[in-house]
Amino acid sequence: MSAVLRPAGFEPMRDSDLRAVLEIEEDLYEFPWTLGNFRDSLRAGYACWVVREGRRVIGYAVLMLAAGEAHLLNLSIAAPSQRRGHGRGLLHQLVEVAREQKAKVVFLEVRPTNEVGQRLYTRYGFRQIGVRRAYYPARKGREDALVLALDL
Ligand SMILES: CC(C)(COP(=O)(O)OP(=O)(O)OC[C@H]1O[C@@H](n2cnc3c(N)ncnc32)[C@H](O)[C@@H]1OP(=O)(O)O)[C@@H](O)C(=O)NCCC(=O)NCCS
């Protein structure tokens, strides 16, 4: 267990959170992660965190750490709980985890059409470093991903 104090409400994800996490995921995304994607992330030892209000899960994030690099794979806040600072708080929490694990940089992908996500990340300090062509599934064909990075 880490000795670092965490703000109240942020906790490592447990198997027992998966049902609530999947419910939020399926509500938010047209192409959601599956239960298997979350289970695999937990089993692979990725940093999987939830944010709670009381006992209820209202958001979650998944960070993969390897070879001095962190990759933010998922960051989501349930629709009724958005715009209250939880997304920024969770992002900050994951950046701190990356820093503790001695990562030098955090990478993430975001859809060019996701203006809210882009705003959250760029206001936090991420900068765009590239584009991955046809990265995401889309209604018609595929959509590019913007690749963003934050140096730690
Ligand atoms: C993106 C997301 C995580 C933001 O979470 P949130 O808790 O609503 O965000 P916060 O309240 O912490 O706001 C942080 C910043 O995000 C941006 N933001 C959040 N909601 C916004 C909105 N509706 N319109 C414009 N900017 C918005 C703003 O820059 C905001 O900072 P500001 O209020 O100082 O301007 C959340 O909207 C979400 O889960 N969306 C669906 C899933 C998703 O797109 N995830 C990111 C995939 S890469």
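The values are calculated or read from the model by the stated rules, or taken from the named source; none is laboratory data. Quick caveat: nothing in here was measured; it's all calculated off a predicted structure. Using ideal geometry, Cβ is built from the backbone for each residue, glycine included, and neighbour counts are taken over all protein chains shown. Ligands, DNA and RNA are stripped out before the accessible areas are found, and what is left, the full protein with its side chains, is counted by its heavy atoms. Shrake-Rupley method; radii C 1.70, N 1.55, O 1.52, S 1.80 Å.
The rows are residues; the columns are (1) away from the ligand (no atom under 12 Å from the Cβ); (2) not in a helix (DSSP H, G or I).
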position	(1), (2)
72	no, yes
87	no, no
92	no, no
96	yes, no
113	no, yes
121	no, no
136	no, yes
140	yes, yes
Could you tell me which of the residues 43, 88, 55, 99 is over 15 Å from residue 25 (Cβ atoms) and at pLDDT below 95?
55
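With farther than 24 Å from residue 145 by Cα, surrounded by fewer than 21 Cβ atoms within 10 Å (Cβ to Cβ) and in contact with a helix residue (DSSP H, G or I) (Cβ under 6 Å, 6 or more places away or on another chain) as the only criterion, which of 18, 22, 35, 42 stands out?
18
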Determine, yes or no, whether residue 100 is among the acidic types (Asp, Glu), away from the ligand (no atom under 13 Å from the Cβ) and open to solvent by 50 Å² or more (accessible area, probe 1.4 Å).
yes
Residue 28 is checked against (1) loosely packed, with under 15 Cβ neighbours inside 10 Å; (2) farther than 21 Å from residue 111 by Cα and fails just one. What number does that condition carry?
(2)
Output the residue which, of all residues in the stretch 74-85 that are loosely packed, with under 15 Cβ neighbours inside 10 Å and not in a loop (DSSP other than H, G, I, E, B), is nearest to the ligand (Cβ to nearest atom).
79
Picking from 59, 117, 85, which residue would you name as being under 13 Å from the mean Cα position of the chain (by Cα), among the small types (Gly, Ala, Ser) and over 24 Å from residue 130 (Cβ atoms)?
59
